[in-house]
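Q: This is the structure I want to talk about, given as structure tokens.
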Amino acid sequence: MDRREFLRLLGIAAAAGMPLNRAGAADEAAYDLPAFGNARLLHFTDCHAQLNPIYFREPNVNLGFGSMKGQRPHVVGKALLEQAGVKAGTARAHALTYLDFETLARKYGAVGGFAHLKTLVDRMRAGAGEGRSLLLDGGDTWQGSGTAYWTRGKDMVGACNRLGVDVMTGHWEFTYQDEEVLENIAAFEGEFVAQNVRVSEEALFEGAAAFDEDSGHAFRPYTIKTLGDRRIAVIGQAFPYTPIANPSRFIPDWTFGIRDRDVQELVDEIRAKEKPDAVVLLSHNGMDVDLKLASLVTGLDAIMGGHTHDGMPIPTLVSNPGGKTIVTNAGSNGKFLAVLDLDLDEGRVRDFRYTLLPVFAGMLPADKAMADYVAEVRAPYEDRLAEKLAVTETTLYRRGNFNGTFDQVICDALMSVKDAQIALSPGFRWGTTVLPGQAVTMEHVLDQTCITYPETYARDMTGEEIKLILEDVADNLFNSDPFYQQGGDMVRVGGLDYVIDPTAAMGQRIQDMRLADGAAVSAGKTYRVSGWATVGAQSDGAPIWDVVAEYLRDKKTVRVDQLNTPELKNVGSNPGLSDYTA
Amino acid sequence: MLTTRRLILKAALAGAALAALPRTLLAWPEAAFTSDSADKAMQELFGSTATTASDAITLTAPDIAENGAVVPVTVATSLEGVESIGIIVSENPSPLAASFDLTADAVPEVSTRIKMGKTSDVVAVVKANGKLYSTSKNVKVTIGGCGG
């Protein structure tokens, strides 16, 4: 009912040709959710340190195979709108899909921004009633912008304290040095929870600090929150593959993993000892992993997830031997605030309502105190961030299983500046979007590249080594068992075309690799390859943002006509694929 | 209390060092450890390659190894009469990674670190009352990076 009402109002606003990037009475009403139940959980995730409103294009390629085919989150474009019952062209459709992106982005304006999010959070809290709501942050909050990098995440800790985050878990938070992570957690006024981060036995032996020396938990595994006369347990699940997908050298004492058996033991222990009315997992597993975990573990009422940046408008109900678990994923870049209203009875969830609210900056007035804070933390860096490097004629974006246009610019910059035949660039799912006609600023480049291991390289690799890298990343994305997936998208390539059969076994997926001139890549031959974000050891080249900036200053105008996206084999018709050209 | 635990651990390690006897004095199953296939190792160690899959064995290992050079593995079982526990990494050049002989009073739970060259099934084989039982789990070894 509530969702339909929201849609109706957005529809009215759009039909009336109202400029939705200016707050009006109808827009305000769109954010009035009717009260339901006795506890409200607010959830945002993967904002990647975007303090100000941005544009973010959702993917047109998010493939799933086997049991995952056609299932959320592997549904894009019109297929997703159909599943969600959302009309194309509406503000909500724009928030959820890439469809008609440029036109609708201009019509509905930028999304997210902490000042606008703050207004929405406060409104949702007021709607739930005093002391009856929680604000959960799924992580990937303290990284992703120039200011987060320069302040080592501290600008975001301050913003989250002002936003009123009650509980959080993490992933990219762990890409600062371990003592910086601990400082940030100490400065964070909410609770940082992670059942699956343990101090290694070796480190414990050497006297490393732990939340619980006996269990080895590096951080508090869960917390109990009281909402009115009801109590909710929130368990933290950090990204299980942090020391594999990101450098372990920053956090040598900590070991991760999914630890599904430990989740079950913890849920059983909490249910027996604390007797809460609901148990929720605040997860950074990624949605496919969450769906599998929900099918294995009993006693979880909900898994509120992130990592895979899937803005899913409807929750998925997963059956397990103990009942059903609600699985949600709340998108990225500050675009969405999820609202899970629970009707709690003694020790159980009687009923629930779930709404994924897009945060349209133009429809939510900025919170003054938060806006002032954001301006203040950015002030020392504004000049550097604002530098106009070039103007783009093409929409620049990253998100999707294969190369986005911004990735292509990064790869082209690497090949050009580093004098390489082939470029490799990581398939991160964060990075904001630039509209045609906009200036590409240093801030945009930093939004796409700002990590704590940004060094570039150019070195010789054999064709066999290049194939091995592509196969390895493809298996992280397309392994038929979600527990063996790491999230993230396929490594982006420049100067290289290939065919991929995502359904094939590891080692067989990548075929027919060719250079830009059409020459076949041979296993024994050596090629000059440039890249960045090396996880194993630090590379020696300039930071990637300097390489891309140099390229853009020189180009002045950006136009991407051709993407090095692979030709797909054995994919056929798949609801996770739309408007794709190889 | 923390100090106490560390002292106990250190004492235990010292004890283990003292108790380590030269290989020649023990029944070191060299042929099993140098076998180049899982079947040969099984044959050498247990005299058979036939095992019964068992839910009574719990094999704890990561889905994806954080470091292939030191993959933590724990095998525990509720089976009675356990004589030995073997850990086999099918795809390793020498698949037999560890073999523990247990006395009758020992709690059948062992932990160790194994080295894995590439993605492989890890098989826990338990010999109990003269019979062989097993369970396995695929552990992925990846070159890492590119996580979103």
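Q: Order of A:319-329, A:205-215 by packing, highest average Cβ count within 10 Å first?
A: A:319-329, A:205-215
Q: When the solvent-accessible surface of protein heavy atoms is calculated with a 1.4 angstrom probe, in what order do A:Asp372, A:Asp579, A:Asp472 fall, highest first? Write out the running numbers ahead of the final one.
A: Details: A:Asp372 75, A:Asp579 115, A:Asp472 10 Å².
Highest to lowest solvent-accessible surface, that is A:Asp579, A:Asp372, A:Asp472.
Q: Tell me which of A:Gly77, B:Ser48, B:Val122 sits at the most positive position along the dipole axis of the protein assembly as shown, charges placed on C-beta atoms (Lys, Arg +1; Asp, Glu -1).
A: With unit charges placed on the Cβ atoms, the residue in question is A:Gly77.
Q: Let me ask something else about it. Using protein chains only and a probe of 1.4 angstrom, how many square angstrom of B:Ile143 are accessible, to the nearest 10?
A: We get 100 Å² for B:Ile143.
Q: Now for a different question. Which is farthest toward the positive dipole end of the protein assembly as shown among A:Ala93, A:Ala458, A:Phe406, measuring Cα position about the Cα centre, with Cβ charges +1 (Lys, Arg) and -1 (Asp, Glu)?
A: The residue sitting farthest along the positive end of the dipole is A:Ala93.
Q: Accessible surface of A:Arg249 in the full protein assembly, 1.4 angstrom probe, to the nearest 10 Å²?
A: 80 Å²
Q: Between A:Glu465 and A:Ala386, with labels modelled 7 Å along Cα→Cβ, what's the label distance in nm to one decimal, could you check?
A: About 4.4 nm separates the two model spin labels.
Q: Where both residues lie in the protein assembly as shown, what percent of DSSP beta bridges are antiparallel, nearest 5?
A: Bridges in the protein assembly as shown are about 70 percent antiparallel.
Q: Using a/c under 1.5 as the rounded threshold, could you call segment B:29-141 rounded, prolate or oblate? The axes a ≥ b ≥ c are square roots of the C-alpha gyration tensor eigenvalues, and prolate needs a/b larger than b/c, oblate otherwise.
A: oblate
Q: Sticking with this one: Quickly rank A:133-139, A:451-457 as a protection proxy: mean count of other C-beta atoms within 10 Å, highest first.
A: Working: A:133-139: 25.9, A:451-457: 19.9.
Listed from highest to lowest mean packing, they are A:133-139, A:451-457.
Q: Okay, next question. Less than 13 Å apart at the alpha-carbon level, and either on another chain or at least 8 residues along: which aspartates and glutamates does that give for A:Lys292?
A: A:Asp260, A:Asp481
Q: Tally up the carbon and sulfur contribution to the accessible surface of the protein assembly as shown as a whole percent, 1.4 Å probe, everything protein left in place.
A: Percent of accessible area from carbon and sulfur atoms in the protein assembly as shown: 50.
Q: With every atom except the alpha carbons ignored, what do you get for Rg and Dmax of segment A:357-509, in angstroms?
A: Every Cα atom of segment A:357-509 included, Rg and Dmax give 18.7, 56 Å.
Q: To continue, here is another question. Using only protein heavy atoms and a 1.4 Å probe, report how much of A:Arg429 is accessible, in Å² to the nearest 10.
A: Counting only protein heavy atoms, the figure is 10 Å².
Q: Counting only other chains, what is the mean number of Cβ atoms within 10 angstrom of the Cβ of each residue in peptide B:113-120?
A: Taking all residues of B:113-120 together, the mean is 1.
Q: Within segment A:186-201, find all residues whose amide N lies under 18 Å from a label point positioned 7 Å from the Cα of B:Arg113 along Cα-to-beta-carbon.
A: Of the residues in segment A:186-201, A:198-201 have backbone N under 18 Å from the label point off B:Arg113.
Q: Treating segment A:150-220 as a set of equal point scatterers at the Cα positions, no solvent, please give the Debye-formula log₁₀ I(q)/I(0) at q = 0.26 Å⁻¹.
A: -1.23
Q: Quick check: Cα centre of segment A:197-221 to Cα centre of segment A:547-564, how many Å?
A: 47 Å
Q: Antiparallel versus total DSSP beta bridges in segment A:170-263: what percent is that, nearest 5?
A: 90 percent
Q: For chain A, what mean projected area does the convex hull of the alpha carbons give, in nm²? Display every interim value, and only then the final one.
A: Details: hull surface 98.5 nm².
Mean projected area of the Cα convex hull: 24.6 nm².
Q: Output the relative contact order of chain A, whole-number percent, from Cα pairs under 8 angstrom with separation of 6+ residues. Present the calculation step by step, with values, prior to reporting the outcome.
A: Values: 1411 pairs, mean separation 102.4, N = 582.
Reported as a whole number, the value is 18 percent.
Q: Sort B:Glu83, A:Glu274 by accessible area with a 1.4 Å probe, largest first. Please list the in-between numbers first.
A: Details: B:Glu83 70, A:Glu274 50 Å².
So the residues, ranked largest to smallest area, are B:Glu83, A:Glu274.
Q: To continue, here is another question. So, in segment B:29-141, how many Lys pairs have Cα atoms under 26 Å apart, if the pair is 8 or more places apart or on different chains?
A: 12
Q: Label points 7 Å out from Cα along the Cβ direction at A:Gln538 and A:Glu346: separation in nm?
A: The modelled label-to-label distance comes out at 6.0 nm.
Q: Aspartates and glutamates within cross-link reach of A:Lys388: Cα-Cα under 17 Å, excluding same-chain residues under 8 positions apart?
A: Output for A:Lys388: A:Glu443, A:Asp447, A:Asp546, A:Glu550, A:Asp554.
Q: Roughly how crowded by other chains is peptide A:240-246, in terms of the mean Cβ count from those chains within 10 Å of each of its Cβ atoms?
A: Details: counts 4, 8, 2, 3, 12, 7, 4.
Mean shielding count: 6.
Q: Now a separate question. Helix-only estimate, please: 222 nm mean residue ellipticity of chain A, summing -39500 (n - 2.57) across DSSP H runs of length 4 or more and dividing by its residues, to the nearest 500.
A: -9000 deg cm²/dmol
Q: Report the label-to-label distance for A:Asp229 and A:Gln562 in nanometres (one decimal), using points 7 Å from each Cα along the Cα→Cβ vector.
A: For A:Asp229 paired with A:Gln562, the spin-label model returns 7.0 nm.
Q: Here's something else I'd like to know. Count the DSSP beta bridges whose two residues both fall in segment A:386-568, then state the antiparallel fraction as a percent rounded to the nearest 5.
A: 75 percent
Q: Average the reciprocal distances over every distinct pair of alpha-carbons in segment A:317-382, invert the result, and give the Kirkwood radius in Å.
A: It works out to 15.5 Å.
Q: Probe of 1.4 angstrom, ligands and nucleic acids ignored: what's the accessible area per residue over the protein assembly as shown, in square angstrom?
A: It amounts to 38 Å² per residue over the protein assembly as shown.
Q: Give me the accessible area buried between chains B and A, both sides summed, with a 1.4 Å probe, in Å² rounded to the nearest 100. Kindly include the intermediate steps, with their values, before the conclusion.
A: On the way: alone 9510 and 20920 Å², together 27850 Å².
That pair of chains buries around 2600 Å² in total.
Q: Looking at segment A:78-131, which trypsin sites (Lys or Arg not before Pro) are in a loop (DSSP not H, G, I, E or B) and have at most 14 other Cβ atoms within 10 Å?
A: Passing sites in segment A:78-131 are A:Lys87.
Q: Can you give the direction-averaged projected area of the convex hull of the alpha-carbon atoms in segment A:145-292, in nm²?
A: Taking a quarter of the hull surface, the average projection is 9.7 nm².
Q: Excluding residues on the same chain fewer than 8 positions from A:Lys525, give the lysines whose Cα lies under 23 Å from its Cα.
A: Partners within reach: A:Lys418, A:Lys467.
Q: Which value, in Å to one decimal place, does the Kirkwood hydrodynamic radius take for segment A:439-578 when every pair of different Cα atoms is included?
A: It is 17.0 Å.
Q: Then there is this: Students often get this wrong: which residues of segment A:549-574 have the backbone nitrogen under 16 Å from the point 7 angstrom along Cα-to-C-beta of A:Arg514?
A: Only A:562-569 pass the distance filter.
The values are calculated or read from the model by the stated rules, or taken from the named source; none is laboratory data. Because the structure is predicted, anything quoted here is derived from the model rather than measured. Quick reminder, even Gly has a Cβ in these numbers, built from the backbone with ideal geometry, and neighbours come from all protein chains shown. These accessible areas exclude ligands, DNA and RNA; they are computed on the full protein's heavy atoms, side chains included. Shrake-Rupley method; radii C 1.70, N 1.55, O 1.52, S 1.80 Å.
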